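Colleague: The structure's right below; bear with me while I get my questions together.
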Amino acid sequence: MRLPKAGTIEISPSILSADFAKLADEIAVIESAGLNLVHLDVMDGHFVPNITMGPPVIAKLRKYSKLVFDSHLMISEPSRYAEAFVDAGVDHITFHIETEAEPVKLIEKLHGFGVTAGICLNPETEVEAIEKVALLCDMILVMTVHPGFGGQKFMPEAAKKVERIREIVGDDIRIEVDGGINPEHASTVVSYGADTLVAGNAIFSKTDRIGAIEAIREACK
Ligand code: DX5
Ligand code: ZN
């Protein structure tokens, strides 16, 4: 599974708000909706004040899905754990610029492992922090909430950074937005130049997950 080339709008449902006792079933529903990605939020209780899943859970899920595993590492020392996530079967790894002193090395390491690489900025992190490495990445992730929890309120000012990042990276690199995305905010971030939309609560808080995905899709048109 490969991250689709830039040029399409992709929705990457975050299973953080899904039923953790039924993750494989929840992912199957997304797959049946015709999506290509699923967003896996990895939290370590250190970089962010919450703990979610690690390689053992992801390795089990891998057997049940052909979706692109879009992993978002909200962890300290991502370089130390990258290989374990690759072995577990993720296709894409995003790490936070705030956690890595040598981002170029880590991006090269990820490419060497055969996965695509993403870099993420927190709402308070300036675009300048990623400017030098942005063109080496396959996807830039812009947080539109403080990382750590699903179901938070979208931060419009943080989303505006997408416009500037799009100017820097051109059309060949994906820009993903993560946090508080619903149909209303989806159209805003797409107008700024985002092409990959994470949505957790907007999908998994609804009984009709497929209807919720459709509503985001429609809003992106
Ligand atoms: C937040 C996570 C997000 C989050 C998105 O730390 O990185 O992926 O789960 O969930 P919603 O869409 O509910 O904000
Ligand atoms: Zn995320």
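Colleague: Select from region 195-214 the residues that are over 12 Å from the mean Cα position of the chain (by Cα) and surrounded by 18 or more Cβ atoms within 10 Å (Cβ to Cβ) and list them in ascending order.
Modeller: First, pick out the residues of region 195-214 that are over 12 Å from the mean Cα position of the chain (by Cα): 201-214.
Those that are over 12 Å from the mean Cα position of the chain (by Cα) and surrounded by 18 or more Cβ atoms within 10 Å (Cβ to Cβ): Asn201, Ala202, Ile203, Phe204, Arg209, Ala212, Ile213.
Colleague: Find all pairs meeting these conditions: Cβ atoms under 6 angstrom apart; at least six residues apart or on different chains; first residue within region 64-76 and away from ligand 2 (no atom under 13 Å from the Cβ); second residue assigned to a loop (DSSP other than H, G, I, E, B).
Modeller: Qualifying pairs under 6 Å: Val68/Met1; Val68/Leu3; Val68/Asn36; Val68/Asp91; Ser76/His46; Ser76/Phe47.
Colleague: Taking the condition of being charged (D, E, K, R) and closer than 20 Å to Val190 by Cβ, how many residues in region 109-161 meet it?
Modeller: As a first pass, look at region 109-161 and keep what is charged (D, E, K, R): 109, 124, 126, 128, 131-132, 138, 153, 157, 160-161.
Restricting the remaining residues to those that are closer than 20 Å to Val190 by Cβ gives 138, 153, 157, 160-161.
Of the residues in region 109-161, 5 are charged (D, E, K, R) and closer than 20 Å to Val190 by Cβ.
Colleague: Scan region 93-127 residue by residue and report those that are closer than 12 Å to Val42 by Cβ and touching a residue at least 60 places away in the same chain (Cβ under 8 Å).
Modeller: Once the filter is applied, which keeps residues that are closer than 12 Å to Val42 by Cβ and touching a residue at least 60 places away in the same chain (Cβ under 8 Å), region 93-127 yields only Thr94.
Colleague: Here's something else I'd like to know. Answer yes or no: is there a residue in region 156-173 that is within 18 Å of Pro13 (Cβ to Cβ), buried (at least 18 other Cβ atoms within 10 Å of the Cβ) and more than 8 Å from ligand 1 (Cβ to nearest atom). Outline the logic, then answer.
Modeller: The first filter runs over region 156-173 and keeps only residues within 18 Å of Pro13 (Cβ to Cβ), leaving none.
No.
Colleague: Pick from region 132-155 the residues that are surrounded by fewer than 20 Cβ atoms within 10 Å (Cβ to Cβ) and touching a His at 6+ places or on another chain (Cβ under 9 Å): which of them is farthest from Pro49 (Cα to Cα)?
Modeller: Leu136
Colleague: Give the residues of region 96-136 that are in contact with a Cys (Cβ under 7 Å, 6 or more places away or on another chain) and either within 16 Å of ligand 1 (Cβ to nearest atom) or not aliphatic (A, V, I, L, M) (or both), sorted by residue number.
Modeller: Of region 96-136, the ones in contact with a Cys (Cβ under 7 Å, 6 or more places away or on another chain) are 96-97, 107, 117-119.
The answer is His96, Ile97, Gly118, Ile119.
Colleague: Let me ask something additional. Where in region 1-105 are there strands (runs of 3 or more DSSP E), lying wholly inside it, with at least 2 residues that are among the aliphatic types (A, V, I, L, M) and either at pLDDT 95 or above or at positive phi (or both)? Before the answer, list the steps.
Modeller: Numbers: elements: 10-13, 37-43, 68-74, 92-96.
The qualifying strands (runs of 3 or more DSSP E) are 37-43, 68-74.
The values are calculated or read from the model by the stated rules, or taken from the named source; none is laboratory data. Everything quoted here is computed from the prediction, not taken from an experiment. FYI the Cβ positions are ideal-geometry reconstructions off the backbone, even for glycines, and counts take in every protein chain you see.
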